[in-house]
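Read the structure below first, then the notes.
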Amino acid sequence: MNNEELVELGDLDELVRQVDRLVDTADWDGLLDLRDRCRRALERGKQLWPAASLAEYRLALDAPGKWAAAMLVPDAGRFTLGPLSEVAASTHTWSELAPHAPPTPQVSIAAQERVVRGEDLTSDDRVDRQVVELPLVLQPWEPTYPVAEYKATEVDFGDPPAVDQWEDFEAHPASIVDDAEARRALVDLAAAWVTESNGRAESVAVDGDAAAAVAALGARHGRIAGVDLAGALAAMAWTAASGGAHGRRRGMAAGRFSTWWALAALTGLLDDWPVPTEQLHAATESLRWYRWEAGEPDTGWSLRLAVEDTKRGRAWAVSAVDAAL
């Protein structure tokens, strides 16, 4: 059967097989035609959106840049394994996508996804810098971010950096202070876990050290480990990129942005946003970062982070968890 006949039949299983056949034969025009027909069928009451989304996903993932770039539009890939800006950027260089890219925000997000993967796009005027207000090249103090690796039917979202050299701690909570911007920025790292899944997140600011901040969250004893700035940024970005158990993945470009925003909030520089990179990095020099545990089972998705400012005598802690219930 051809595309027209399969769409009229409306058999989703057969449409999925047709997507595979078209990919296997590199018939990208045929796959785009199938996507278009499935979309138009929705107007006639045929619920073929899973086939349309799958076609969009495979075009972004497997097709050459001409067809992949055409998927970088606002309404494409709504039900796929991840945002198509990240999917396309995971298998295409910027030079493959850019010549064919439409003038959409998703294109600039895809460019930032390529930056996360190591490309330097600072001199490329095709990227709208106002879509994601971050440098178009990784800074020397940034980590190797845990990026997603997409395949035809599955995806590996990576993991936050492993932690070693744990030490037991026992602490009493310090005086809580009102630092709404920093607390909100830390909680927002797990926004998708909370608003779209089963997650919960809370943060606190105290006049004291990191252990006292953790204790203020209710964990008066457990394990704590110091991590460097890059390790902390990678864990924060992994969290912010993720959708948790059931939420929509935001992508690592969004994860990097949320991490920079949290850095600016912790250092009191949000009023200067977008913060010059040298100024932001200099402001982080007085920060000390920690991962912590309080004996909970290590299942699902979690971020337990604490940071103290040795110059101001202030500390923050965040606990965010999600699970597939």
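FYI, it's all coordinate maths here, none of it is from the lab. Note that the coordinates shown come from a computational prediction; the quantities given were computed from them, not determined experimentally. FYI the Cβ positions are ideal-geometry reconstructions off the backbone, even for glycines, and counts take in every protein chain you see.
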> All other residues with a Cβ under 13 Å from the Cβ of P102 taken together, and with Lys, Arg as +1 and Asp, Glu as -1, what is their net charge?
Replying inline: 0
>> Just to verify a number: FRET efficiency for H246 and D29, C-beta to C-beta distance, R0 = 30 Å, to 0.05?
In response: 0.30
>> What is the sum of charges, Lys and Arg at +1 and Asp and Glu at -1, for the other residues whose Cβ falls under 15 Å from the Cβ of D128?
In response: -1
>> Please compute the contact order of the stretch 167-322 in relative form: average sequence separation of alpha-carbon pairs under 8 Å and at least six residues apart, divided by the residue count, as a percent.
In response: 33
> When the dipole is taken about the Cα centre of the stretch 3-156, and only Lys, Arg (+1) and Asp, Glu (-1) are charged at their Cβ, what size is it in debye, to the nearest 20?
Replying inline: 280
> Karplus couplings for the stretch 67-76 from phi (6.51 cos²θ - 1.76 cosθ + 1.60, θ = phi - 60°), rounded to Hz, Gly and Pro as x?
Replying inline: 7, 4, 5, 5, 7, 8, 10, x, 9, 9
> Under the Kirkwood approximation applied to all pairs of distinct alpha-carbon atoms, what is the hydrodynamic radius of the stretch 38-78 in Å?
Replying inline: 10.6
> At what distance in angstrom do the alpha carbon centres of the stretch 185-222 and the stretch 1-56 lie from each other?
Replying inline: 45
> Taking K46 as the anchor, which aspartates and glutamates have their alpha carbon closer than 20 Å to its alpha carbon, excluding any fewer than eight residues away along the same chain?
Replying inline: E4, E5, E8, D11, D13, E14, D33, D36, E56, D75
> So what J values fall out for the stretch 16-22 if you push phi through Karplus, 6.51 cos²θ - 1.76 cosθ + 1.60 with θ = phi - 60°, rounded to Hz, Gly and Pro as x?
Replying inline: 4, 5, 5, 4, 4, 5, 5
> If you compute Cα Rg over 2.2 N^0.38 Å for the structure shown, which of (1) 0.94; (2) 1.11; (3) 1.02 do you land on?
Replying inline: (2)
> Dipole magnitude of the chain about its Cα centre, charges +1 at Lys/Arg Cβ and -1 at Asp/Glu Cβ only, in debye to the nearest 20?
Replying inline: 440
> Tell me, what ³J(HN,Hα) does each residue in the stretch 98-112 have, in order and in whole Hz, if you take phi through Karplus 6.51 cos²θ - 1.76 cosθ + 1.60 with θ = phi - 60° and put x for Gly and Pro?
Replying inline: 4, x, 10, 7, x, x, 10, x, 4, 5, 5, 5, 4, 4, 5
>> I want to check the label-to-label distance for E14 and L42. Put each point 7 Å from Cα in the C-beta direction and report it in nm to one decimal.
In response: 2.3
> Under a straight-distance cross-link criterion of Cα-Cα below 12 Å, which aspartates and glutamates are reachable from K66, leaving out those fewer than 8 residues away in the same chain?
Replying inline: D29, E96
> By counting other Cβ atoms within 10 Å of each Cβ, how are W141, W193 ranked from fewest to most?
Replying inline: W141, W193
>> Can you find, among G10, P64, A215, the residue sitting farthest towards the positive end of the charge dipole of the chain, where Lys and Arg contribute +1 and Asp and Glu -1 at Cβ?
In response: G10
